[in-house]
Structure formats: structure tokens, C-alpha cells
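Structure, as C-alpha cells:
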Amino acid sequence: MIMHSFETLDFSVDNNVALIMLNRPGVRNAFNTKMRDDLFQVIEAIKDDYAITGSIIYGSGKDFCAGADLTEFGRAPSQSIARTIRWERDLWSLFLNNPKPMIAAVHGNCIGSGFEMALLCDIIIASYNARFSMPEVRLGLIAAAGGTQTLPRSIGPSNTISIFSSPNPITSQQAHSMGIVSKVVAKKRLMDCARAQATYLSNLKPELIAACKFAVNTGCSLPLDQGLLAETRSAMRVMKTE
């Protein structure tokens, strides 16, 4: 197994399964611009590598991802530049349109954009200590990395609004009962369980997995790409208001 280290993550392939470890433990794997760029590069490589059958994304240290890196607020480029970057490196659409199955192995805090990242994966497996939260609304923002579209598709509008407005995170057991999480396991078994799931999927025909993903993602009442576009417009309106 060969490990490729990026500034914000480590990437390796083991038995045809890509392993993506978010690796900013000092800031609880907070999502920043560099992590977006590193993830974009890695997932593009996964899509193009025929030997890779699927991937597992997980966090180093005590958390999966504690959300956006707030130290970047106030240092962002202009809205015009930000829109151009998003168009050229639309990470969330890359997650969505990856034909190969993606598994999120979640432990510790899974907050904001970290939660949204996990929701854009096909399967979430969580440890008993995992906690999920979307605090953007309470911070005067809108969840603009897919959250307003992916979460209600899993749990419905009412539960989604409840999570957006709640000051408390939900537990992995609650997330499981709501249909967000597929399985809850002990922390020490998390990666073994994720690997077992990835190995099972690797034995299925990749074209069928790709077709299944496409049907699921586009067969909702509103195509997700249109929902994501509406979300982006809402986020831009909020930014202009602020």
C-alpha cells in the first residue's frame, strides 16, 4: 500500500479501495480551501483510475470534520472570484457524480461542511461517539455545501429544520434511527466495518453501482443538481445581505 500525502489529507489504495484520511487533527480536521483543492484532486484521480472500485473517507485524530475553518472568514476572495473557483472546482458535484461508491466512516464531531461531506457519500457508518450538527443558521449563514438538499432527502423537511435550528448535536444512534447513518459500531471497529462494506461493493459490477447511484440521485422529486443550484442562489443572497 502506497501512501500519498497532501497538505490536508493522506491518500492510499488498499485492495482496490481508496482510503482518504482528512488530516488536520490540530484543528479537528476543519474544512478549508486547501482541503477542498486536495479532495478535488484525489476524487478526480479515483474517478479516472479503473483499478479503484470505491473509497472510504475518514478523519484523523478525535473527529471526522468539525466544519469550515473559521480562520478563513474575512480572508475569502471576492464573490466573483469565489464563484469562478466554485465553478472550476465544484467539489460537491464531484462527490455526487462520482460513479464509484463512497463510504464515510464517521467518529467524533461531524459538523457543518463535514456533515454535508458525509451526506454526499453513499453510505455513512458511524461510531457510537459520533455527533452530527449543522450550526450555520445559528451563525447567521446557510448550509451551502449541499446540506439544504441532501439532508431533507434523507430525513424530510421537518427533521431537517429541527437539526438546522437545534443548539444540540444529534447522536449517532439518533442519526441511525432517522435514516442518516446506515450502521453504528464501536470506534475500534469503525474502519474494519467500512472496509468490509467497501470490499462487498467492490465485488458488484461497477456499471450497476454507477447506474444505481445515478437513479437514486436523480429520481427524487427534484433533481439534486437543481436543488444545489437553488441552494447556491440562496447562499449568495444571504452573503449579499450580510
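The values are calculated or read from the model by the stated rules, or taken from the named source; none is laboratory data. As the structure is a computational prediction, the values presented were derived from the model and not from experiment. Cβ atoms come from the backbone with ideal geometry, glycine included; neighbour counts cover every protein chain shown. Heads up: the accessible areas ignore ligands, DNA and RNA and are worked out on the full protein's heavy atoms, side chains in. Shrake-Rupley method; radii C 1.70, N 1.55, O 1.52, S 1.80 Å.
For LYS183, the accessible surface of its heavy atoms amounts to roughly 90 Å² (probe 1.4 Å, protein chains only, rounded to the nearest 10). Surface listing: GLU7, GLU207, GLU44, GLU116 arranged by accessible area from highest to lowest gives GLU7, GLU207, GLU44, GLU116, probe 1.4 Å. Once all protein chains are placed together, ARG36 keeps about 50 Å² accessible to a 1.4 angstrom probe.
In this structure, the pairs whose alpha-carbon distance is over 23 Å, taken from LYS187/LYS213; LYS47/LYS187; LYS34/LYS188; LYS100/LYS188; LYS62/LYS188, are LYS187/LYS213; LYS47/LYS187; LYS34/LYS188; LYS100/LYS188.
Need the full-extension length gain, ASN16 to ALA196, defined as separation in residues times 0.36 nm minus the C-alpha distance. One decimal, nm. Gain on stretching ASN16 to ALA196: 63.6 nm.
Measuring with a 1.4 angstrom probe and ignoring ligands and nucleic acids, ILE124 comes out at about 10 Å² accessible. Extension gain for LYS188 to PHE6 (0.36 nm times residue separation, less C-alpha to C-alpha distance): 63.0 nm.
Applying 1/(1 + (r/R0)^6) with R0 = 30 Å to the Cβ-Cβ distance of GLN173 and SER60, what FRET efficiency is obtained, to the nearest 0.05? The partial results should precede the final answer.
Values: r = 24 Å, r/R0 = 0.80.
So the FRET efficiency works out to roughly 0.80.
Amide H to amide H distances under 5 Å link PHE31 with ALA66, GLY67, ALA68, ASP69, where only residues 5 or more positions off or on other chains count and H is placed in the peptide plane. Between the amide H of LEU9 and those of ASN23, distances stay under 5 Å, these residues lying 5 or more places away or on another chain, with hydrogens modeled in the peptide plane.
Computed from phi, the 3J(HN,Hα) profile of region 106-123 under the Karplus parametrisation 6.51, -1.76, 1.60 (θ = phi - 60°) reads 10, 9, x, 7, 10, 10, x, 5, x, 4, 4, 4, 4, 5, 7, 7, 7, 9 Hz, with x in place of Gly and Pro.
Keeping every protein chain in place, order THR71, THR232 by accessible area at 1.4 Å, biggest value first, i.e. largest first. Working shown, then result.
Working: THR71 95, THR232 40 Å².
I get THR71, THR232, largest accessible area first.
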